[in-house]
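Trainee: Structure provided below as structure tokens; questions to follow.
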Amino acid sequence: YFVVIGLFVALGTVFLLARIPREARRLEREAAEGSPPLKRRQLLNVGLVMLVSQALQVLIVSFMIGAFFVVFGMLAIDDGIRTQWLGHPGNELFAIDLFGERLELTTELLRVAGGLAAFSGFYFAISMLTDSTYREEFLDELTSEMRDSFRERAEYLRLRERVLSAAAAPEDQANADP
């Protein structure tokens, strides 16, 4: 069970790792007009920010889907249906009574909800980078913030160059006068 969950997590991470460098370079080209290209470490930092941000989004979506299926399973699957499907009542972790109905949380329900959440997270990670609707919904805010950072970096580098040029000008003039 955990091997399959780990496989979905690993595949989703590999997909993000494969796509993020391209996204970071594209973002740099679009936003860093007229400024020097990012150094390798800076580009790595941009990629890392994008990876962590997207991984957190995938984790939150996966967790919410898993929580939904746990609640749905507790409400929809009673002891009779579970016994019919499993051939035994299941391994009950705890139960509560709600409006006269007995809601049971079982190990089997957690395993199914966890598997569905992991698969959904894997699908979401791929969709987030490939589907234009998902890109607009989940990546536009991040890329907008990153574009602002690139523009501010370009402005900083221009100002820094002006200050360095202005500081060097009196020094050059003093060396030229005998």
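Trainee: So what is the relative contact order of the chain, in percent, for Cα pairs below 8 Å that sit 6 or more residues apart?
Mentor: 32 percent
Trainee: In addition: Largest first, what is the accessible-area ranking of F99, F68, F8 with a 1.4 Å probe?
Mentor: F99, F68, F8
Trainee: On to the next question. R41 to F119: extension gain in nm, 0.36 nm per residue of separation minus the Cα-Cα distance?
Mentor: 24.8 nm
Trainee: May I pose another question? Using a Förster distance of 22 angstrom, determine the FRET efficiency expected from the C-beta separation of T83 and V4, and round it to 0.05.
Mentor: Result of the calculation: an efficiency of 0.30.
Trainee: Assigning unit charges at the beta carbon (Lys, Arg +1; Asp, Glu -1) and nothing else, what dipole magnitude in debye, to the nearest 20, does the range 88-155 show about its Cα centre?
Mentor: 260 debye
Trainee: Identify, among I65, L93, P21, the residue whose Cα sits farthest towards the positive end of the charge dipole of the chain, taking +1 on the Cβ of Lys and Arg and -1 on the Cβ of Asp and Glu, with the dipole about the Cα centre.
Mentor: The one lying farthest along the dipole's positive direction is P21.
Trainee: Calculate the FRET efficiency for L110 and V52 from the Cβ-Cβ distance with a Förster distance of 25 Å, rounded to the nearest 0.05.
Mentor: Values: r = 27 Å, r/R0 = 1.09.
Computed FRET efficiency for L110 and V52: 0.40.
Trainee: Could you work out how much longer the chain between T130 and E152 gets when fully extended? Use 0.36 nm per residue separation minus the Cα distance between them, nm to one decimal.
Mentor: Answer, rounded to one decimal: 5.1 nm.
Trainee: If I model a spin label at L93 and F63 as a point 7 Å from the Cα along the Cα→Cβ vector, what separation in nanometres do I get?
Mentor: Computed distance between label sites L93 and F63 equals 1.5 nm.
Trainee: Related question: Might you report the magnitude of the Cβ-based charge dipole of the range 1-122 about its Cα centre, with Lys and Arg at +1 and Asp and Glu at -1, to the nearest 20 debye?
Mentor: Its charge dipole is roughly 1040 debye.
Trainee: Still on this structure, I have one more. For volume of the Cα convex hull per residue in Å³, one of (i) 165; (ii) 110; (iii) 147 was computed from the structure I shared and the rest are decoys. Which label?
Mentor: Identified label for the calculated read-out: (i).
Trainee: Another question, if that's okay. Using only Cα atoms, tell me the angle between helix 140-176 and the longest principal axis of the chain; keep it within 0 to 90° and round to the nearest 10.
Mentor: So the helix axis and the longest Cα principal axis differ by about 20 degrees.
The values are calculated or read from the model by the stated rules, or taken from the named source; none is laboratory data. Worth saying up front: this structure is predicted, and the values here are computed from it rather than measured. Backbone-built Cβ (ideal geometry, glycine too); neighbour counts: all protein chains shown. Ligands, DNA and RNA are stripped out before the accessible areas are found, and what is left, the full protein with its side chains, is counted by its heavy atoms. Shrake-Rupley method; radii C 1.70, N 1.55, O 1.52, S 1.80 Å.
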